[in-house]
Amino acid sequence: MTWVLRIAGIVAVLVAAMPSVRAQWPSYPTPGVPRAADGKPILDGPAPRNAEGKVDFSGVWQRAGFGGGGRGRGGPPPPTTTPDGIPLSTFGEVAGRGYALPMQPWAAELKKKRMADNMKDNPDVWCLPIGIMQYHNHPQPNQIVQTKNITLITYESNYGLRYIYTDGRPAPNNDPQPWWFGYSRGWYEGDTFVVETTNFYAEERATWLDVNGSPWSDALKMTERFRRPTFGTLEIDVTIDDPKAYTKPFTVRVNQRLMVDQEMIEFICNENERSTEHIKRN
C-alpha cells in the first residue's frame, strides 16, 4: 500500500471513529460560547476579546470543510483561492490545486523524488513533528491557549506543541539550536495576531510543508497572520519566505472552524507503532 493510500485510510478511520471515541468522555459545554435559547452555539457573532481588549484566539480549532472534499453533486468545484486571489492551502499541497510553487531547481527535484517514493519519508510516517503547514491543514484538531506572555498551540496529531513568545523578545541571533517548530514570536497588529517563526530544523527528514513533500531550507522565515472574523471562524494567512528553496515569497490561506463542546484526544504515535515495518527499504 502506498503512503497516499495509507494516509487516506487513516483519515477515513479517524473520521469514522471520532464520534464514538469522543462519546467516551462526559459531554460538557464549552465555557464562554454564546448560545441561542435552544442551547445551540451562536458562531456568527463577534470574536471574543481578552482583558486588554485584544481578539482572543483561544479555542479548539479544525480545518474548515474537512470531510466535504471534492465536487458536490451537480455543483461547481470548490474554490482554489480566496476572492482576492490568495491560494487556499491543502494538506496535500501547501498552495492547493493549480498553483505552481516558485521552486528553486534543487527543491523541485527533491519534491519529485519524494513523490516518486510515495512520500514514504514524510515525518508523519516516523511519528515525528510534521511541520506547521501540515499541522494547520491536518484533519485532527488543534487547541490555542493564549496568556499574557506566551501563546501555546497543541496539535492532536503526533502530540505537537508550539511555543509562541509574546513578551516582546527579539529573534535569536546567537546561532541557536534549530527547532522542529522553529522559534516563534507573536504580536498584535490591530485585530490580527502576527507570528514570525525562524530557526527551523532543516535536516531533510523534517522539511515537509505538505504531504507531497514541498521542502524548506534553513533560511525559512514563516509569517502567520491570525484573524478571527467571527466567533466561530479563523483565517490564517501564511507567508513562506525561503530564498534557498523558492525564488520568491508566497502567501497561502488556511481556514479553520471552532469545535464546540468537544475536547482534544491524546495521540501517542510511537505507542505500539508498526507502520515503519511495512516501509520498503532501499
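Select from segment 127-146 the residues that are of a type in the set (A, V, I, L, M) and either surrounded by fewer than 22 Cβ atoms within 10 Å (Cβ to Cβ) or assigned to a helix (DSSP H, G or I) (or both) and list them in ascending order.
Leu128, Ile132, Met133, Ile144, Val145
Go through segment 28-39 and give me each residue that's part of a loop (DSSP other than H, G, I, E, B) and surrounded by 10 or more Cβ atoms within 10 Å (Cβ to Cβ).
Result: Pro29, Thr30, Gly32, Val33, Pro34.
Would segment 180-193 turn up any residue that is out of contact with any helix residue (DSSP H, G or I) (no Cβ under 7 Å at 6 or more places or on another chain), surrounded by fewer than 16 Cβ atoms within 10 Å (Cβ to Cβ) and farther than 23 Å from Ala47 by Cβ?
Among the residues of segment 180-193, not one is out of contact with any helix residue (DSSP H, G or I) (no Cβ under 7 Å at 6 or more places or on another chain), surrounded by fewer than 16 Cβ atoms within 10 Å (Cβ to Cβ) and farther than 23 Å from Ala47 by Cβ, which makes the answer no.
Given the structure, is Glu204 under 23 Å from Asp121 (Cβ atoms) and more than 15 Å from the chain's Cα centre (by Cα)?
yes
May I ask you to list the residues in segment 147-179 that are assigned to a strand (DSSP E or B) and buried (at least 20 other Cβ atoms within 10 Å of the Cβ)?
Within segment 147-179, Thr151, Ile153, Tyr155, Gly160, Arg162, Ile164 meet the criteria.
Looking at segment 82-98, is at least one residue surrounded by fewer than 17 Cβ atoms within 10 Å (Cβ to Cβ), under 30 Å from Leu220 (Cβ atoms), of a type in the set (S, T, N, Q) and modelled with pLDDT of 90 or more?
The answer is yes, given that some residue of segment 82-98 is surrounded by fewer than 17 Cβ atoms within 10 Å (Cβ to Cβ), under 30 Å from Leu220 (Cβ atoms), of a type in the set (S, T, N, Q) and modelled with pLDDT of 90 or more.
The values are calculated or read from the model by the stated rules, or taken from the named source; none is laboratory data. Predicted, not measured: the structure shown is a model, and the values here were computed from it. Reconstructed Cβ throughout: ideal geometry from the backbone, glycine too, with neighbour counts over all protein chains shown.
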